[in-house]
Amino acid sequence: MTTSPGASHPAAGETALAGSQARPPLLRVEGLACHFGGVLAVQDATFDVRHGTITGLIGPNGAGKSTVINLISGSTRPGQGSVRFNGDEIAGQRPHEIAHRGIVRTFQQANVFGGLTVLENLLVGAAPWRGERVSAALGRKQAWSATQSGLLDQAWDILRRFGLEGIANDYARALSGGQRRLVELMRALMAQPALLLLDEPMAGVHPALAASIADRLLEMRDAGMTMLMVEHELRLVEKLCDPVVVMARGTVLAEGSMAELQSNQEVVDAYLGGGGGG
Amino acid sequence: MTLLLGIVIFGVYSAALLAIGAVGFTLQFGVTNVLNLAFGSILTACIFAEYGLTGHSTNLWIAMAVGAASGAVLSLLIGHVVVGAFLRRGATGFGIAMVTIAISLMVQFGLEAIQGPDILSYSAGSQATMNIGGVVLSSGQLTTIIVAVLAMAAVQVLLRMTKFGLAMRATAADVSLARTCAVSPARTRAVTWLISGALCGICGVLLGIGEGSFSASTGSDFFITLAAAAVLGGIGKPAGAMIGALIIGIVSQAAAAVIAPSYKTIAAWVILIAVLVLRPQGILAEFAADRELVA
Amino acid sequence: MTSGLVYYLSGLAILLGINLIAIWGLDLQFGLAGINNFAYIVFQAAGGYAAALFALKPAKAYGGFETYLGGFNLPFPLPLIGAAAVGGLLAVPVGLIAIRRLRADYQAMAMLVLSLIATGLAEAQTGLVNGPTGLALIPRPLVGIVHVTPLGYNWIFLGLTAGCCALAWWVARGISRSPFGRLLRAVRDSESAVAALGRNPDALRMKVLIAGGALAGLSGGLLVEYVTAWGPSSWLYPETFLFFTALIVGGKGNLAGGALGALLVPIGIVEASRHLPAFGYPGMIDSLDWVVIGACLLVFLWFRPNGLLPERKRVFRAGRQQAGGTQVSGAFAQRLTGSR
Ligand SMILES: Nc1ncnc2c1ncn2[C@@H]1O[C@H](COP(=O)(O)OP(=O)(O)OP(=O)(O)O)[C@@H](O)[C@H]1O
Ligand SMILES: [Mg+2]
């Protein structure tokens, strides 16, 4: 419904606020700040995520990337600043309200439902539907089973695309760390999010599989899904993300395509060249 | 005037009694991070043990020593051995709550089976009384206040001035770090369970004397009030427990005097829930929610 | 069989049914949704008092030998419906504690203390439900309308209990197999992930707290109408652990497990021990029951924490086969990103 043509992801550069025909960004983060006790985890973070892009979010450990994801998704309440999604202010809303608008996230520490099977995990991922109400639980099974079959088909599709149909009926608590990460990604996809926030989705995943996940993500971007992705593996960032936002010590250092960033001395000093923050 | 003096004096006595137990409870919680719901049953068991071993002892200090010894042994057995075994199996907070409750039921009702339907009357030491401005205090109650002061001082000296106290504080702060500092966390925790049990036993004996009688459920009700003091002071903080005990002691005496005697404990328990739910870090200390459980 | 034995067995069946309803209610809260409700017995107590006060005539009618609020003299089945409603409503204030994100052990303790406070208040406020003595002379349903022998009445009451069990089963099974139940199991594992997927974990828990509370209230109502008396000593905090033990022995998250637990713990241990040759003083066996229950709890937590009949895995077979290959990838992505 809201898919934008694949070609619309912009060549990066300065955020063209003045650009007359430019559509407003899907997500606009402005002056976001948050502190834990005395630690300023994020201060004055400002960036946009445009429709149909995979926007990268990189930076050394402790730069505040996960905190930004938490702030956008509502897991952490921002101290100040604004987060606008489709023009609506969402900062300070509760996580489920934000998710309800179509912003779905994954966690840096894989966060699966251990007592549910992989397939059930995916079913819970589906966007909220009528069959989940108490009234449906106390009514006839037929009232919700047809919709559920549809969701199951969708879940099986996703599992096949990731080559994981073999573990469909395994308990998630019995999976390896990398598999859990994949389950979390597939579960988020079930929700058909308008904006997908990924916190290091490939960490701990075998390189060959990571490459194939990257292809999946590109397919989905081309079909119009927007993503904000935290990633440390720069080759993957280069392949997937445009533009890329660089954070260091809680602030946004720079924003642009990978090529531009590599020629930005400040960024190279802070992150790219230094081999991770040194 | 006498009412007010009574509230203050009996408040101080209640606080002293609570503080002895609360410091033991909170010390053990601070070092091991295990919320021991069987503490009240151990307390009752100590009164039973003391009663069974020496009967109506004429010497209060012997009675307290016997109570302390039985508390130390029981606490080590229940806390370090049984709870420790469950922890090594990976039991989490809720599992441990369940385990300590199960032990608590077994001890409490086991004692009830031994005791029979009667309430046992109990006394130890001299029966002299003292009159302070119209408020009559028994020698047992006076001793309680003295013992509480001594125990609090001893705990502070232990924690602040001895090598073992340093080990306890290190284990409480960070188990893996303590290990790298050549502290043996397992031994530290075992000794902590012993100390906590000993304080529990002393508290039990003094409680039995103060009440003049006891039954199998004496400890479980008292424990909740004691826990209120510990939680109010910031669970895991001995100094906080003393302040918590003072507040709880005076509040419950006031509730008993002003509302009705049956509200003595209810007032303390409402405070306990409120603090647990609204400010689990207590009024003084920082919060230890993410720490691993160890025994 | 002698009619005495039949009478006894029918009474036992009624108690089994009443316990079953309570255990299924706890299974919804604890087994399915992972709520550490250590104050569960308060829900049963509230249901019991509600049924009693709805069924009793005003206190004056009995010469004022007991004091209580109300006394509405409502006909069957209104007291039972009221019991379930009060049990469900109680979930709202209790939920303030039970639903909060707290360390599990702190929460367990807070709930335990809540149970103690409830007992304390019921005893202290003598005008509310007759204080420590409790309520007596609670009218049984249909008495005065049907005229039968005591055994005949037991059969009627057993039928009523069976009907309530069927209702409880229908609620518990409906929830546990439904998408709603799946969300509850998800909340049990990770509240943050449930919220990140657009559901309000607090609302989910509150709903199941109400459903479980209503079942507990119903079981309390039935119990009170059967035994015709109800006081603070009938619902002391250890009773909660009777139900927890039954669930952990039988198997939580499994209706058959709950039923097995009901048979083994409240009936098996508590009832069977009454038939031991008498020893000790009167009441000693009751105390020893609790020692056995505590021991059972420990033994099962150690050896078989998932119970005799563990929660069953929900397996789904592969549905409509989707051809693999690259051509479908566009369609796949389209479907994923399609209309919300
Ligand atoms: N819950 C918290 N309590 C206290 N401090 C926190 C908390 N979460 C994050 N911080 C602090 O905030 C800062 C930013 O953390 P954040 O997790 O956002 O970093 P990150 O960029 O995601 O790092 P990494 O690449 O290692 O995941 C760090 O200094 C961290 O110590
Ligand atoms: Mg991070």
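If you go through the stretch C:124-150 and keep only what is assigned to a helix (DSSP H, G or I) and out of contact with any helix residue (DSSP H, G or I) (no Cβ under 9 Å at 6 or more places or on another chain), you end up with just C:127. When residue A:18 is tested against (1) modelled with pLDDT under 85; (2) in contact with a His (Cβ under 6 Å, 6 or more places away or on another chain), only condition (2) is not met. Only a single criterion out of (1) within 16 Å of ligand 2 (Cβ to nearest atom); (2) surrounded by 22 or more Cβ atoms within 10 Å (Cβ to Cβ) is not satisfied by residue A:193, namely (1). Remark: residue A:167 falls outside the filter, which requires a residue to be modelled with pLDDT under 90, farther than 21 Å from residue C:198 by Cβ and more than 16 Å from ligand 1 (Cβ to nearest atom). For the stretch A:100-111, the tally of residues that are facing chain C (nearest Cβ under 7 Å) and without any contact (Cβ under 8 Å) to a residue 40 or more places away in the chain stands at 1.
For residue A:54, the criteria (1) closer than 15 Å to residue A:31 by Cβ; (2) more than 8 Å from ligand 1 (Cβ to nearest atom) hold in every case but one, which is (1). Candidates are the residues of the stretch C:189-206 that are within 21 Å of the chain's Cα centre (by Cα) and crowded, with 22+ Cβ neighbours inside 10 Å; the one that is nearest to the other protein chains (Cβ to nearest Cβ) is C:204. Listed by first and then second residue, the pairs linking a residue in the stretch A:174-203 that is away from every other protein chain (no Cβ under 11 Å) and under 12 Å from residue A:217 (Cβ atoms) to a residue that is among the basic types (Lys, Arg) and within 16 Å of ligand 2 (Cβ to nearest atom), with Cβ atoms under 8 Å apart and 6 or more places separating them unless they lie on different chains, are A:198/A:105; A:201/A:181; A:202/A:181.
Scanning the stretch A:53-75 for residues that are within 12 Å of ligand 2 (Cβ to nearest atom) and either in a loop (DSSP other than H, G, I, E, B) or outside the structural domain of residue A:252 (by TED's automatic domain parsing) (or both) yields a total of 6.
So is residue A:160 surrounded by fewer than 21 Cβ atoms within 10 Å (Cβ to Cβ) and more than 16 Å from ligand 2 (Cβ to nearest atom) or not? Yes: the conditions hold for residue A:160.
Among the residues of the stretch A:126-144, those identified as more than 7 Å from chain C (Cβ to nearest Cβ) and touching a residue at least 12 places away in the same chain (Cβ under 8 Å) are A:126, A:129, A:130, A:143. Scanning the stretch C:243-254 for residues that are in contact with a helix residue (DSSP H, G or I) (Cβ under 6 Å, 6 or more places away or on another chain) and part of a helix (DSSP H, G or I) returns C:243, C:245, C:246, C:247, C:248, C:249, C:250.
Checking A:146, A:137 one by one, the residue that is buried (at least 23 other Cβ atoms within 10 Å of the Cβ) and more than 19 Å from the chain's Cα centre (by Cα) is A:137 and no other. Within the stretch B:36-66, the residues that satisfy the criterion of being part of a loop (DSSP other than H, G, I, E, B) and surrounded by fewer than 24 Cβ atoms within 10 Å (Cβ to Cβ) are B:55, B:56, B:57, B:58, B:59. Mind checking whether some residue in the stretch A:112-120 is out of contact with any helix residue (DSSP H, G or I) (no Cβ under 9 Å at 6 or more places or on another chain) and either at the interface with chain C (Cβ under 9 Å from one of its Cβ atoms) or within 16 Å of ligand 1 (Cβ to nearest atom) (or both)? No, the stretch A:112-120 contains no residue that is out of contact with any helix residue (DSSP H, G or I) (no Cβ under 9 Å at 6 or more places or on another chain) and either at the interface with chain C (Cβ under 9 Å from one of its Cβ atoms) or within 16 Å of ligand 1 (Cβ to nearest atom) (or both).
A single entry from A:81, A:74 fulfils the requirement of being away from every other protein chain (no Cβ under 14 Å), over 26 Å from residue A:219 (Cβ atoms) and within 16 Å of ligand 1 (Cβ to nearest atom): A:81. Reported count of residues in the stretch C:66-115, each being within 14 Å of chain B (Cβ to nearest Cβ) and either not in a loop (DSSP other than H, G, I, E, B) or not β-branched (Val, Ile, Thr) (or both), is 22.
Taking the listed residues C:221, C:163, C:212, the one that is modelled with pLDDT of 95 or more and surrounded by fewer than 22 Cβ atoms within 10 Å (Cβ to Cβ) is C:163, with no other qualifying.
Checked against the criterion of being more than 30 Å from residue C:73 (Cα to Cα) and not β-branched (Val, Ile, Thr), the stretch C:143-161 contains not a single residue that satisfies it. The lone criterion from (1) more than 12 Å from chain C (Cβ to nearest Cβ); (2) outside any helix (DSSP H, G or I) left unmet by residue B:90 is number (1). Evaluation of residue B:124 against the conditions (1) at pLDDT 85 or above; (2) more than 8 Å from chain C (Cβ to nearest Cβ); (3) more than 15 Å from residue B:32 (Cβ to Cβ) shows that the sole unmet condition is (1).
Quick check on the stretch A:205-218. Is at least one of its residues crowded, with 22+ Cβ neighbours inside 10 Å, in the same structural domain as residue A:57 (by TED's automatic domain parsing) and touching a strand residue (DSSP E or B) at 6+ places or on another chain (Cβ under 6 Å)? Looking through the stretch A:205-218, none of the residues is crowded, with 22+ Cβ neighbours inside 10 Å, in the same structural domain as residue A:57 (by TED's automatic domain parsing) and touching a strand residue (DSSP E or B) at 6+ places or on another chain (Cβ under 6 Å).
Counting the residues of the stretch A:86-109 that are under 17 Å from residue A:191 (Cα atoms) and either buried (at least 16 other Cβ atoms within 10 Å of the Cβ) or within 16 Å of ligand 2 (Cβ to nearest atom) (or both) gives 12.
The values are calculated or read from the model by the stated rules, or taken from the named source; none is laboratory data. None of the values given here were measured: they were computed from a predicted structure. Neighbour counts run over all protein chains shown; Cβ positions are idealised from the backbone, glycine included.
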